[in-house]
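Student: One structure is given below, represented as structure tokens, and several questions about it will come after.
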Amino acid sequence: MIIAIDGPSGAGKSTVAKLLSKKLDFEYIDTGAMYRAFAYKFYRNNIDIGEENVNKVLLETDIDYNKSNVYLDGENVEDCIRNEQISILASEISKIQAVREKLVNIQRKIANSKNIVIDGRDVTTVVFPNAEFKFYITASARTRAERRYNELISKGENVSVEEILEDINKRDHNDMTRKNSPLKIADDAIVMDTSDLSIEEVTEELVNTIRGEK
Ligand code: C5P
């Protein structure tokens, strides 16, 4: 069974998806982590994200995802990819079609014949349009900025809510207006606004929906 969770950045998708996968004892795949890992290669090696460079580096890069960890060329980079620089680079790099094709293929391969919860911006529309369950998790931009702010502050990063809000608006715009696989609500997705709900409440609702309809 495939449970696909879509939605804008900072809506709590990943946290909900992770928790849901634990409750159902399914494997979890974070597709954003894969775009981030690829972007991290450019950041770490100081390579410019021009389409020509990206296409070249793509051929020499191996991305994998296993047990809630993302691997870049065999190295676990889970701890290096959750900061604002990588967020912005990942958003830029994910516009390039060749990158999407490669990562979508990897995602489909990993999911092959497994029960999975997968989250990311195109998982209900492009990666698994025939998933058994499709959810679109969203929240107001301000709520999302405040959540991201609390997360980053707890990791010791020095940021302001206004800065994050600006990044979120920029990323939303990038993700919704890009030519390749823009963020959008699949026709048959169940939409949930999490602005006034806790992670546990959202997860509970998803579990009820899944169990009720199974
Ligand atoms: O979800 P997360 O914030 O980790 O994703 C980082 C960036 O990767 C997003 O802003 C988006 O541009 C890109 N992404 C994507 N398609 C996905 C997952 C992430 O384009 N399925």
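The values are calculated or read from the model by the stated rules, or taken from the named source; none is laboratory data. What you see is a predicted model; the values in this text were computed from it and never measured. Using ideal geometry, Cβ is built from the backbone for each residue, glycine included, and neighbour counts are taken over all protein chains shown. Note: areas computed on protein heavy atoms with side chains; ligands, DNA, RNA excluded. Shrake-Rupley method; radii C 1.70, N 1.55, O 1.52, S 1.80 Å.
Student: Quote the charge dipole size of segment 31-147 about the Cα centre in Debye, to the nearest 20; the model charges only the Cβ of Lys and Arg (+1) and of Asp and Glu (-1). Mind dumping the intermediate values first?
Tutor: Values: 17 positive and 17 negative charges, 91 e Å.
Approximately 440 debye in magnitude.
Student: Assigning unit charges at the beta carbon (Lys, Arg +1; Asp, Glu -1) and nothing else, what dipole magnitude in debye, to the nearest 20, does segment 1-46 show about its Cα centre?
Tutor: Details: 7 positive and 4 negative charges, 44 e Å.
Charge dipole of segment 1-46: 220 debye, to the nearest 20.
Student: On to the next question. Just to confirm, what accessible area per residue do you get for the chain at 1.4 Å probe, in whole Å²?
Tutor: On the way: 10420 Å² over 214 residues.
On a per-residue basis, 49 Å².
Student: What percent antiparallel are the DSSP beta bridges of the chain, to the nearest 5?
Tutor: Working: 6 of 22 bridges.
Here the share of antiparallel DSSP bridges comes out near 25 percent.
Student: Another question about this same structure. Compute the distance in nm between two label points, each set 7 Å from the Cα along the Cα-to-Cβ direction, one at K184 and one at R108.
Tutor: 2.0
Student: Accessible area of the chain with a 1.4 Å probe: how many percent of it is carbon plus sulfur? Kindly include the intermediate steps, with their values, before the conclusion.
Tutor: Values: 4740 of 10420 Å².
With neighbouring chains kept in place, the figure for the chain is 46 percent.
Student: Something else: Do any of K41/K184; K22/K184; K18/K155; K13/K41; K56/K102 go past 21 Å between their Cα atoms, and which?
Tutor: Working: K41/K184 28 Å; K22/K184 27 Å; K18/K155 19 Å; K13/K41 24 Å; K56/K102 13 Å.
From K41/K184; K22/K184; K18/K155; K13/K41; K56/K102, over 21 Å: K41/K184; K22/K184; K13/K41.
Student: Further question on the same structure: At 222 nm, what helix-only mean residue ellipticity would the chain give, in deg cm²/dmol to the nearest 500, using -39500 (n - 2.57) for each DSSP H run of four or more? Each step should come with its number before you reach the end.
Tutor: Values: 8 runs with 106 residues, N = 214.
Value at 222 nm, helices only: -16000 deg cm²/dmol.
Student: Let me ask something else. Ignoring ligands and nucleic acids, what accessible area does D79 show with a 1.4 Å probe (Å², nearest 10)?
Tutor: 150
Student: Sticking with this structure for a sec: Name the shape class, rounded, prolate or oblate, that the alpha-carbon gyration tensor gives for segment 47-108, where a ≥ b ≥ c are the square roots of its eigenvalues, rounded holds for a/c under 1.5, and otherwise prolate holds if a/b is larger than b/c and oblate otherwise.
Tutor: Values: a/c = 1.65, a/b = 1.20, b/c = 1.37.
Since a/c reaches 1.5 but b/c is at least a/b, the shape of segment 47-108 is classed as oblate.
Student: Where nothing but the Cβ of Lys and Arg (+1) and of Asp and Glu (-1) is charged, how large is the charge dipole of segment 76-212 around its Cα centre, in debye to the nearest 20? Walk me through the numbers before you get to the answer.
Tutor: On the way: 20 positive and 25 negative charges, 159 e Å.
It works out to roughly 760 debye.
Student: Please give the Cα centre distance for segment 21-48 versus segment 103-159, rounded to the nearest Å.
Tutor: Between the Cα centre of segment 21-48 and that of segment 103-159, the gap is 10 Å.
Student: If you don't mind, another one. Can you tell me the mean projection area, over all orientations, of the convex hull of segment 97-214's alpha carbons? Units nm², please.
Tutor: Result: 8.8 nm².
Student: Connecting C-alpha atoms closer than 10 Å in a GNM of the chain, tell me which of K155, K184, K134 has the biggest fluctuation.
Tutor: With Cα springs under 10 Å in the chain, the top fluctuation among K155, K184, K134 is at K155.
Student: Where the centroid of each part is defined by its Cα atoms, how far is segment 60-82 from segment 1-17 in Å?
Tutor: 19
Student: Counting GluC sites (Glu not before Pro) as exposed when in a DSSP loop with at most 14 other beta carbons within 10 Å, what is the longest stretch of the chain free of them? Intermediate results must be reported in sequence, preceding the final value.
Tutor: Numbers: sites that count: E60, E132, E157.
It runs 61-131.
Student: OK, next. Two-decimal Rg/Rh of segment 1-144 from alpha-carbon positions, Kirkwood Rh? Each step should come with its number before you reach the end.
Tutor: On the way: Rg = 14.6 Å, Rh = 15.4 Å.
Reported Rg/Rh, Kirkwood definition of Rh: 0.95.
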